[in-house]
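Input: a single structure, listed below in structure tokens.
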Amino acid sequence: MAALASLLDCLLWPARKEEEAEKEEEAGADGPQSLLAAPRCSQRPHGGVAASWGLRFGASAAQGWRAHMEDAHCAWLSLPGLPPGWAFFAVLDGHGGARVARFGARHLPGHVLEELGPAPSEPEGVSQALRRAFLNADERLRSLWPHGEPGGSTAVVLLVSPRFLYLAHCGDSRAVLSRAGALAFSTEDHRPLRPRERERIYNAGGTIRRRRVEGSLAVSRALGDFAYKGAPGRPPELQLISAEPEVAALARQTEDEFVLLASDGVWDAMSGAALVGLVASRLSLGLAPELLCAQLLDTCLCKGSLDNMTCIVVCFPGAPSANEEAIRRELELDTALGRRVAELYASAQEPPSLNTVFRTLASEDIPHLPPGGGLHCKAAVIAEAYSRLFQGSEECREQWLWIISQQQKEVFARIL
């Protein structure tokens, strides 16, 4: 097993067992959610640029500790039939299988386009179109599953126009907006105990047990989950589980920097403010958004996330750009960490484990660690330095371990 995978396994094993026990208690008769013996960390970061209207994005996904990957996502830098400057991004997090999430990633953009029409009215007309699109997509999915097959998916969408940012979501996939260097907006998860959600569930004849709808679902809005959408005489938006999204229309400002969309596996590990700080710091190093996303998911995995993870970062013209001083500090930090790993290795009577090295470093006061991510964001650098002490064992050279450090070095060399 690669050095970083070993580090993750050692660091997270106690927490993993605790969370597995918690999930078993919450799930009741359904049993615990299955977890792998070691996380699957491979990623395929990708991105794109629409230079004419100042948009660029990056995206990545990791299966992590879960036995199956149930997340899906999509990104459209331009929308057919609409003027330049419109774009669409979505992250979907399936439960009970990946089928609903994959359906949403493929077909939700088409439903949005159909409802928008060639000349959408902003902002109210677009907000209503997004609500109808979610409900229509859900109805289409139901027609494909006439027998009510199990499974559902949360969803969070960013629709960009030249004048507004529209954030639509159902469930606990979340989005944050960074503006002028700070967290300016965050969506709020749809949980059964939120007053409006609780009232709808009770009015539809449902119950809430263990903070879950009917003791089972932890979210109160989702695509699919048709077993919870059969209350007679009630429209789709008033069922126990609703596919109706909450929509926020935010007027664009020159201070807008980026929007981060992510499934709940990311939010399990980091707060919105911490993620905004981490993303901004990585952009100041000149990292491409897709490599930033890969580093962010590695950081969340190292910080203890057990779920599938997917994130999309959409950058606007006001996003932080490469800063020579920030790059110089990062290079000095990487060098200092490598030197400290060598010192710890040399001073020990017996070669310390990578886990011991990491925990020792975590107890020390190390300046200029990445905001939000801290030492966990530098796990790949630490694992790389540790692996060199074993004369570059091939088992420490898996691509996923090197992608961030190697690409980051190329960026530094190009800028300095």
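The values are calculated or read from the model by the stated rules, or taken from the named source; none is laboratory data. For clarity, every value in this text was computed on a predicted model and none was experimentally measured. Reconstructed Cβ throughout: ideal geometry from the backbone, glycine too, with neighbour counts over all protein chains shown.
I need every pair where a residue in region 322-350 that is of a type in the set (Gly, Ala, Ser) has its Cβ under 7 Å from the Cβ of a residue that is surrounded by 13 or more Cβ atoms within 10 Å (Cβ to Cβ) and not in a helix (DSSP H, G or I), sequence separation at least 6 or different chains.
Ala322/Ser284; Ala322/Leu285; Ala322/Gly286; Ala326/Ser284; Ala326/Leu285; Ala342/Leu389
Hey, could you check region 338-373 for residues that are among the hydrophobic types (A, V, I, L, M, F, W, C) and over 18 Å from Cys302 (Cβ atoms) and say which is surrounded by the most Cβ atoms within 10 Å (Cβ to Cβ)? Write out each step before concluding.
At the first step, the residues of region 338-373 found to be among the hydrophobic types (A, V, I, L, M, F, W, C) are 341-342, 344, 346, 348, 354, 357-358, 361-362, 366, 369.
Retained after the next criterion (residues that are over 18 Å from Cys302 (Cβ atoms)): 342, 344, 346, 348.
Working: Ala342: 14, Leu344: 18, Ala346: 9, Ala348: 13.
Among those residues, the one meeting the criterion is Leu344.
I need a count of the residues in region 174-191 that are polar (S, T, N, Q) and in contact with a helix residue (DSSP H, G or I) (Cβ under 6 Å, 6 or more places away or on another chain). Steps first, answer last, please.
Initially, region 174-191 is screened for residues polar (S, T, N, Q), giving 178, 186-187.
Pick out the ones that are also in contact with a helix residue (DSSP H, G or I) (Cβ under 6 Å, 6 or more places away or on another chain) and you get 178, 186.
Within region 174-191, residues that are polar (S, T, N, Q) and in contact with a helix residue (DSSP H, G or I) (Cβ under 6 Å, 6 or more places away or on another chain) number 2.
Kindly list the number of the only condition in (1) closer than 30 Å to Gly318 by Cα; (2) without any contact (Cβ under 8 Å) to a residue 60 or more places away in the chain that fails for Gly171.
Answer for Gly171: the failing condition is (2).
Out of Glu115, Glu139, which single residue is surrounded by fewer than 17 Cβ atoms within 10 Å (Cβ to Cβ) and either of a type outside the set (A, V, I, L, M, F, W, C) or under 23 Å from Leu238 (Cβ atoms) (or both)?
After applying the criteria, what remains is Glu139.
Please verify whether Ala182 is more than 26 Å from Asp268 (Cβ to Cβ) and out of contact with any His (no Cβ under 6 Å at 6 or more places or on another chain), treating the condition exactly as stated.
Answer is no for this residue.
For region 61-101, which residues satisfy the criterion of being closer than 17 Å to Ala133 by Cα and assigned to a helix (DSSP H, G or I)?
Listed by number, the residues that qualify are Val100, Ala101.
Check whether at least one residue in region 6-29 is of a type in the set (Ser, Thr, Tyr), at pLDDT 95 or above, crowded, with 16+ Cβ neighbours inside 10 Å and under 30 Å from Ile382 (Cβ atoms), and report yes or no.
No, that holds for no residue.
Any residue at all in region 321-336 that is within 22 Å of Phe57 (Cβ to Cβ), buried (at least 19 other Cβ atoms within 10 Å of the Cβ) and charged (D, E, K, R)?
The answer is no; no qualifying residue exists.
Please find, within region 176-205, the residue that is surrounded by the most Cβ atoms within 10 Å (Cβ to Cβ) out of those that are of a type in the set (S, T, N, Q) and under 28 Å from His73 (Cα atoms).
The residue in question is Ser178.
Counting only residues that are closer than 16 Å to Lys378 by Cβ, give me the helices (runs of 4 or more DSSP H) lying completely in region 262-368 with at least 2 of them.
Where helices (runs of 4 or more DSSP H) fall fully within region 262-368 and carry at least 2 residues being closer than 16 Å to Lys378 by Cβ, they are 272-283, 289-302, 324-347, 354-362.
Residues to consider are Ser216, Ser242, Ser173; find the one that is surrounded by 15 or more Cβ atoms within 10 Å (Cβ to Cβ) and at pLDDT below 95. Full working, then the answer.
Values: Ser242 fails: at pLDDT below 95; Ser173 fails: at pLDDT below 95.
Only one candidate passes the filter, namely Ser216.
I'd like to check something: does region 258-266 contain any residue that is within 27 Å of Arg131 (Cβ to Cβ), buried (at least 21 other Cβ atoms within 10 Å of the Cβ), in contact with a strand residue (DSSP E or B) (Cβ under 7 Å, 6 or more places away or on another chain) and among the polar types (S, T, N, Q)?
Yes; the residues of region 258-266 include at least one that is within 27 Å of Arg131 (Cβ to Cβ), buried (at least 21 other Cβ atoms within 10 Å of the Cβ), in contact with a strand residue (DSSP E or B) (Cβ under 7 Å, 6 or more places away or on another chain) and among the polar types (S, T, N, Q).
Within region 287-310, can you find the residues that are over 16 Å from Pro371 (Cα atoms) and of a type in the set (A, V, I, L, M)?
Answer for region 287-310, where residues must be over 16 Å from Pro371 (Cα atoms) and of a type in the set (A, V, I, L, M): Ala288, Leu291, Ala294, Leu301, Leu306, Met309.
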